[in-house]
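Engineer: Sending over a structure as structure tokens; questions will come in a sec.
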Amino acid sequence: MMIHLALAPLVALVAGILILVMPRLLNYIVAVYLIVIGILGLVHGG
């Protein structure tokens, strides 16, 4: 759980930089983020 909390700001930073460099990646980054958060929620919730 602690690893996930420490990893979130790093993932957000990398995603922000990628979106600035290549704005077309926004849809893919958001989709992957939502899928990962959903899977983590199901795994930790169940």
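The values are calculated or read from the model by the stated rules, or taken from the named source; none is laboratory data. Quick caveat: nothing in here was measured; it's all calculated off a predicted structure. With ideal geometry, Cβ positions are generated from the backbone for all residues, glycine too; neighbour counts draw on all protein chains shown.
Engineer: Which of the residues belonging to the range 30-46 are of a type outside the set (A, V, I, L, M) and loosely packed, with under 12 Cβ neighbours inside 10 Å?
Structural biologist: 38, 41, 44, 45, 46
Engineer: Tell me which residues, restricted to the range 1-29, are outside any helix (DSSP H, G or I) and either at pLDDT below 80 or loosely packed, with under 10 Cβ neighbours inside 10 Å (or both).
Structural biologist: Selection gives 1 alone.
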